[in-house]
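Colleague: What follows is a structure written as structure tokens; I'll ask about it next.
The values are calculated or read from the model by the stated rules, or taken from the named source; none is laboratory data. The structure presented is a predicted model; accordingly, all values stated were derived computationally and were not measured. Ideal geometry is used to build each Cβ from the backbone, glycine not excepted, and the neighbour counts take in all protein chains shown.
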Amino acid sequence: MIPQFEERVLEEREDSRIVQDWKGNVSEIGKEYGVEHLRNAIDFVTRRWVRCPVESRADWEAMKQRYDATIPERLAADPMELGRQLADRGHVVVVHFSGLFWQIREWLGFEGLCLRFHDDPDLIRDMVISGPNTSPGFCGEPCSTPPRTWSI
């Protein structure tokens, strides 16, 4: 996701703080933890979800821009040199991406995702077609097109 959201403390409370993580999620965590705990899994952090980054179609349209596969920052400045460096490595290279349900849950929250399957299936369909794992820049065309009707 480019750009990432600013990691920041939104509110200090007596025993907790409200924070925004790099994915745009807003949650409440204990005072003993900083925002960096949410990114780096330094320790297990119990959180109370306050808000997810996509709550409306306008939010979704803005979020899609953060997954534009055609922006130059997504690619190595010199891919041939990167290839040579990777060929001469002493470790395994891992590529990770979230599955569709997991990623959409990150944007909407679990409850928001489940409700929108019923209330706004066109939004879910757009997220599946337009999401980061199906960007035209990765595949030339969307990698798959879900059926016009959903069977749940």
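Colleague: Exactly one of these conditions fails for Pro3: (1) surrounded by 12 or more Cβ atoms within 10 Å (Cβ to Cβ); (2) in contact (Cβ under 8 Å) with a residue 40 or more places away in the chain. Give me its number.
Modeller: The failed condition is (1).
Colleague: Taking only the range 42-84 into account, find how many residues are more than 21 Å from Gly112 (Cα to Cα) and more than 16 Å from the chain's Cα centre (by Cα).
Modeller: Qualifying residue count for the region: 18.
Colleague: Criterion first (modelled with pLDDT under 85 and surrounded by 11 or more Cβ atoms within 10 Å (Cβ to Cβ)) does Ser151 satisfy it?
Modeller: Numbers: modelled with pLDDT under 85: yes; surrounded by 11 or more Cβ atoms within 10 Å (Cβ to Cβ): no.
Against the criterion (modelled with pLDDT under 85 and surrounded by 11 or more Cβ atoms within 10 Å (Cβ to Cβ)), Ser151 does not qualify.
Colleague: Hey, could you check the range 16-75 for residues that are touching a residue at least 40 places away in the same chain (Cβ under 8 Å) and among the polar types (S, T, N, Q) and say which is surrounded by the fewest Cβ atoms within 10 Å (Cβ to Cβ)?
Modeller: Ranking the candidates gives Thr70 first.
Colleague: Give me a count of the residues in the range 106-117 that are in a helix (DSSP H, G or I) and touching a residue at least 40 places away in the same chain (Cβ under 8 Å).
Modeller: The qualifying residues number 4.
Colleague: Something else about it: Can you pull out the helices (runs of 4 or more DSSP H) entirely within the range 1-105 that have at least 1 residues that are within 29 Å of Ile124 (Cα to Cα)?
Modeller: 36-40, 57-65
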